[in-house]
1. Is it the case that segment 81-92 has a residue that's in contact (Cβ under 8 Å) with a residue 40 or more places away in the chain, more than 10 Å from the ligand (Cβ to nearest atom) and within 13 Å of TRP169 (Cα to Cα)?
2. Quick check on segment 9-25. Is at least one of its residues polar (S, T, N, Q), under 15 Å from the mean Cα position of the chain (by Cα) and more than 13 Å from the ligand (Cβ to nearest atom)?
3. Residues LEU70, LEU86, LEU80, LEU31: which one is of a type outside the set (Lys, Arg), over 20 Å from PRO121 (Cα atoms) and surrounded by fewer than 21 Cβ atoms within 10 Å (Cβ to Cβ)?
4. Would you pick out the residues in segment 29-80 that are assigned to a strand (DSSP E or B), within 16 Å of the ligand (Cβ to nearest atom), in contact with a Lys or Arg (Cβ under 9 Å, 6 or more places away or on another chain) and of a type outside the set (Ser, Thr, Tyr)?
5. Taking segment 131-176, which residues are charged (D, E, K, R) and free of Cβ contacts under 8 Å to residues at least 24 places away in the same chain?
6. Taking segment 163-176 as the region of interest, how many residues are part of a loop (DSSP other than H, G, I, E, B) and among the acidic types (Asp, Glu)?
7. Tell me whether segment 158-168 contains one or more residues that are closer than 23 Å to PRO57 by Cβ, of a type in the set (Gly, Ala, Ser) and more than 16 Å from the ligand (Cβ to nearest atom).
Amino acid sequence: MSGHSKSRAFLCLGGNIGEPAKAMAAALRALNEDERVSVLQVSSIYRTPPWGVVDQPDFLNAVAEIDTTLSAHELLQLCLATESALKRERHERWGPRVIDIDLLLYDEERIEERDLQVPHPRMLERAFVLVPLSEIAPELRLEGRAISDHLLRLDASGIERVRAGGGWWTMQEQAL
Ligand code: GSY
């Protein structure tokens, strides 16, 4: 459905080859330039140990809150197109990547389709998602608990804030 009223969504951005901070900033700028998307809030950037295939470089990760008039499916398509435009190479599942944009939450919607599951089915197991998400939306509740409570059950050791604050994505490329 196009042109519907505004929805609130959360995205997780990450990458571990090339210059992930630049790729993440470019992705957020591209999304925000789309008239159907506004970036409302962005977390700090964190360096996070790899999850899944562990024999790969650390990732940089951040979470963004947006509002959008796109449907969840349209937003997913825009995220995938933005990834492709940033020359993402899809290799191994859970292997190294230039930029990944995951749709975490879309309003209170629950979608369980082959190409789109919302809330993201693995987000509550991933400290690299919940650390930045609890920075910008600690009060957000999922499965009856606050995000910050879910985070208490995970091992967040090894996660380090490398760029504090949410303004990094608007900076000049050279500053990242
Ligand atoms: O699903 C996102 C890609 N990804 C990541 C990630 O972004 N961060 C960390 N730390 N590990 C990851 N494993 C995968 S796959």
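1. No, because not a single residue in segment 81-92 is in contact (Cβ under 8 Å) with a residue 40 or more places away in the chain, more than 10 Å from the ligand (Cβ to nearest atom) and within 13 Å of TRP169 (Cα to Cα).
2. So far as segment 9-25 goes, no, none of its residues is polar (S, T, N, Q), under 15 Å from the mean Cα position of the chain (by Cα) and more than 13 Å from the ligand (Cβ to nearest atom).
3. Answer to the check: LEU86.
4. Those that are assigned to a strand (DSSP E or B), within 16 Å of the ligand (Cβ to nearest atom), in contact with a Lys or Arg (Cβ under 9 Å, 6 or more places away or on another chain) and of a type outside the set (Ser, Thr, Tyr): ILE45, ARG47, PHE59, LEU60, ASN61, ALA62.
5. If the condition is that a residue be charged (D, E, K, R) and free of Cβ contacts under 8 Å to residues at least 24 places away in the same chain, then GLU139, ARG141, GLU143, ARG145, ASP149, ARG153 are the ones that fit.
6. The qualifying residues number 0.
7. Checked segment 158-168: at least one residue is closer than 23 Å to PRO57 by Cβ, of a type in the set (Gly, Ala, Ser) and more than 16 Å from the ligand (Cβ to nearest atom).
Matching residues to (1) surrounded by fewer than 15 Cβ atoms within 10 Å (Cβ to Cβ); (2) part of a helix (DSSP H, G or I); (3) among the polar types (S, T, N, Q); (4) modelled with pLDDT under 95:
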site: PRO121; (1), (2), (3), (4): yes, no, no, no
site: LEU124; (1), (2), (3), (4): no, yes, no, no
site: VAL129; (1), (2), (3), (4): no, yes, no, no
site: GLU135; (1), (2), (3), (4): no, yes, no, no
site: PRO138; (1), (2), (3), (4): yes, no, no, yes
site: LEU154; (1), (2), (3), (4): no, no, no, no
site: SER157; (1), (2), (3), (4): yes, no, yes, yes
site: ARG161; (1), (2), (3), (4): yes, no, no, no
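The values are calculated or read from the model by the stated rules, or taken from the named source; none is laboratory data. Just so it is clear, the structure is predicted and the values come from calculations on it, not from any experiment. Ideal geometry is used to build each Cβ from the backbone, glycine not excepted, and the neighbour counts take in all protein chains shown.
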